[in-house]
Amino acid sequence: MTSKTNRSAAGVGDTIIIAALDESFHKVFLGERCWYPIRLGDERKKAIKWIAVYRGQPVSAITCYARIESIDKYLETGRYKIVFGEPLDLDHAIGSGMPNNQAIQGHRYTTLAKLKLARVLDDLKPWD
């Protein structure tokens, strides 16, 4: 069995960052405490322990994260539904730090340690 440390060293982050519009952030991420549908490979499914959300305009920042409780098959789509616990606010929002507001589209991977230290999106790069 591979440990968390070995997975991170192999370049597989323990945190998935998803992008959400304001309405889906409130309704699904906060309201249902899940995110779906999402494509995940077997290695990623085993590695991720946390989910964070990049909120689109008007916020344009990563504002919170949560511990993943389960990753379930989503219908018959070949995709997954990530179910998580109580979302936690970051100590500070992680914005683009750029006037042109570069946004996250789709999903990206990082580590929880990098997420907690980051001040701008570039601090999370290179993506895991």
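The values are calculated or read from the model by the stated rules, or taken from the named source; none is laboratory data. Predicted model, so just to flag it, every value in this text is computed and none were measured. All Cβ positions, even for glycine, are placed from backbone atoms using ideal geometry, and neighbour counts span all protein chains on display.
Every residue in region 82-95 that is small (Gly, Ala, Ser) and modelled with pLDDT of 95 or more, please.
Residues satisfying the conditions are GLY85, ALA93.
Considering only residues that are touching a Phe, Trp or Tyr at 6+ places or on another chain (Cβ under 7 Å) and outside any strand (DSSP E or B), look in region 20-42 and name the one that is surrounded by the most Cβ atoms within 10 Å (Cβ to Cβ).
PHE29
Got a number for residues in region 67-105 being in a strand (DSSP E or B), touching a residue at least 24 places away in the same chain (Cβ under 8 Å) and loosely packed, with under 11 Cβ neighbours inside 10 Å?
So the count comes out to 2.
Please go through (1) in contact (Cβ under 8 Å) with a residue 60 or more places away in the chain; (2) in a strand (DSSP E or B); (3) more than 18 Å from LEU21 (Cβ to Cβ); (4) not β-branched (Val, Ile, Thr) for ARG108 and return the number of the only condition it doesn't satisfy.
So the condition that ARG108 fails would be (3).
Of everything in region 5-19, what is in a loop (DSSP other than H, G, I, E, B) and modelled with pLDDT under 95? Give them in sequence order.
Selection gives ALA10, GLY11, VAL12, GLY13.
Can you tell me which residue within region 96-111, out of those that are of a type outside the set (Ser, Thr, Tyr) and under 18 Å from PHE29 (Cβ atoms), is modelled with the lowest pLDDT?
My answer is ALA103.
Which pairs turn up if I take residues in region 22-44 that are under 20 Å from GLU76 (Cβ atoms) and look for partners that are part of a helix (DSSP H, G or I) and of a type in the set (A, V, I, L, M) with beta carbon separation below 7 Å, at least 6 apart in sequence or on another chain?
CYS34/VAL28; TRP35/VAL28
Which ones in region 111-123 are farther than 20 Å from LYS45 by Cα and assigned to a helix (DSSP H, G or I)?
Within region 111-123, LYS116, LEU117, LEU121, ASP122, ASP123 qualify.
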